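What follows is a set of notes on a single structure, which appears directly below.
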Amino acid sequence: MTTRTAHIDRSASAHLFERARTLIPGGVNSPVRAFGNVGGNPFFVDRAEGAILYDVDGCSYFDYVMSWGALMLGHAHPAVARAVTEATGRGTSYGAPNGSEVELAELVVELMPQVEMVRFVNSGTEATMSAVRLARAATGRDLILKFNGCYHGHGDSFLVQAGSGVATLGLPDSPGVPKALAELTLSVPFNDADAVRSAFEKHGDRIACVIVEPIVGNSGFIAPREDFHAQLREITTMHGALLIFDEVMTGFRVAMGGARELFNVTPDLTTLGKVIGGGLPVGAYGGRRDLMEMIAPAGPVYQAGTLSGNPLAMAAGVAQLLFLRETRPHAVLEQRARGLLATLAETAHDLGLPFRGDAAGAMFGWHFVDGPVYDFEDAARTDSALFARFHRASLDRGVFLPPSPYEAAFLSIAHTQDLIDDTAQRLSDALREVA
Ligand code: KE4
């Protein structure tokens, strides 16, 4: 039985947060980090190694956020650290092409056959914004269709019933998004192919693309129904719209070839981020050669970026992907995630609490709900007050879970079976305490 540490001194974090809030909106550079949905103040990180985060007060945490999915090898993995250090010695940015961009592009194209050409950018948001611009250019159409609860970054066209961030903040639309622009985005329930068909029946000849998180990680973890993606492929093809798999989170994490490998459905475009940068700022979009050759300077669709293809991010991405290509840890990591969920499910059952968990590769999640979770509406039934208490009790037992019920959790090769077993005990005790 692990007990919550009586009093944890987090005063150094508190002082930093106090200073940060006078300088940075909400004291953070991304909203979810402020713990708005779980209460309390965020801890400030001093350093990290493997699966462990160490805060500025000397507390340590088993990390299940892993930079929101970017770190498949854990923090400060020697292969990545060495690659970045070596790259730094040759300069940090050139504003001119360099070989590491070609090396990473070759790896992405090799590991994701549906990606015939790829363009690197600096974030997942840039990747999805650019992919949608390309879809609009390629089809000559203006409407896009997304799914309630799916998050594709903070591009204006996506902040229409987005899942992560906006939904967590309880803002169905973000202020500042022009109504005229929001009206170009259709949003229907995830897993509802009939709703997609109806949207196309109504607007079919105006819809440029469907963009989807193939496994949703921004409403908590939601898996697609058996043939959902095959139906999306059939409907979009029939209506001359493009299908975009937003694999910023799932890419190289749920399987070596991403979600496309799991569902054997080929999208026209794929967006990437996180894992391909090994923890450094990166994004990418790619897909059919005929589409990608429309991107400047090969074609007329403009997109650019000062730090795109940054040599340090490329080096980190290459190091992480090469290591994953050799070791292919996805099945083992999914087994570990499912083992952890099984322990939590058993504890919840003993306590008479509703609980639904699921996993794919090194990504997993749960909802405190009865019955299956097929879409955001189901996920929104989760007991968020219980989630908040559970998050705090877990943190006080040295386990850092994603600080929102609308996020997924992530593990890495540094999450050994022993660490998972230790986590399971701590989380069970935390759940018993707050039930
Ligand atoms: P970024 O612009 O944050 O690099 O990527 C945006 C994005 C696009 N597509 C998907 C499927 C994503 O999950 C994301 C970003 N993921 C969130 C986690 N829910 C990042 C965490 C944060 O916002 O701080």
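In whole angstrom, note down how far apart the Cα centers of the stretch 59-84 and the stretch 362-376 are.
Comparing the Cα centres of the stretch 59-84 and the stretch 362-376, I get a distance of 25 Å.
With an 8 Å Cα cut-off and a minimum separation of 6 or more residues, compute the relative contact order for the stretch 78-326 in percent. The partial results should precede the final answer.
Working: 488 pairs, mean separation 76.3, N = 249.
For the stretch 78-326, the relative contact order is 31 percent.
Counting other beta carbons within 10 Å of each residue's own, what order do E116, E201 fall into, fewest first?
E201, E116
Using the Cα centre as the reference, give the magnitude of the dipole from point charges on the C-beta atoms of the chain (Lys, Arg: +1; Asp, Glu: -1; all else neutral), rounded to the nearest 20 debye.
Result for the chain is approximately 640 debye, rounded to the nearest 20.
Starting from the Cα of K179, draw a straight line to each of the lysines and keep only those under 30 Å, dropping any in the same chain fewer than 8 residues away.
Correct list for K179: K146, K202.
Relative to the longest principal axis of the C-alpha atoms of the chain, give the angle of the C-alpha long axis of helix 311-327, reported between 0 and 90° and rounded to the nearest 10°.
That works out to roughly 80 degrees.
Ignoring trypsin sites (Lys or Arg not before Pro) that are buried or in helix or strand per DSSP, and keeping those with at most 16 other beta carbon atoms within 10 Å, what is the longest stretch of the chain between them?
Numbers: sites that count: R90, R225, R381.
Looking at the chain, 226-380 is the longest stretch - no exposed trypsin sites (Lys or Arg not before Pro) with at most 16 other Cβ atoms within 10 Å.
Whole Å is fine, so just give me how far the alpha carbon centre of the stretch 309-334 lies from that of the stretch 221-290.
Cα centroid to Cα centroid, the span is 18 Å.
Going by C-beta contacts inside 10 Å, put F245, F17, F400 in order with the fewest on the left.
F17, F400, F245
Against the longest principal axis of the chain, how steep is helix 99-111, in degrees 0 to 90 to the nearest 10, with axes from Cα atoms?
The answer is roughly 90 degrees.
Given Cβ point charges of +1 (Lys, Arg) and -1 (Asp, Glu) and nothing else, what value in debye, to the nearest 20, does the dipole of the stretch 262-406 about its Cα centre take?
The calculation lands at about 460 debye.
Could you line up E213, E247, E103, E126 from fewest to most neighbouring Cβ atoms inside 10 Å?
Ordered by Cβ neighbours within 10 Å, fewest first: E103, E126, E213, E247.
Would you mind checking the tilt of helix 78-88 against the longest principal axis of the Cα atoms of the chain, expressed as 0 to 90 degrees and rounded to 10?
60
Which listed residue (L111, N191, Q303) has the Cα farthest towards the positive end of the charge dipole for the stretch 78-326, taking +1 on Lys and Arg C-beta and -1 on Asp and Glu C-beta about the Cα centre?
Q303
Bear in mind that the values in this text are calculations on the coordinates, not laboratory data. Computed from a predicted structure; not experimentally measured. Virtual Cβ from ideal backbone geometry, glycine too; neighbours counted across all protein chains shown.
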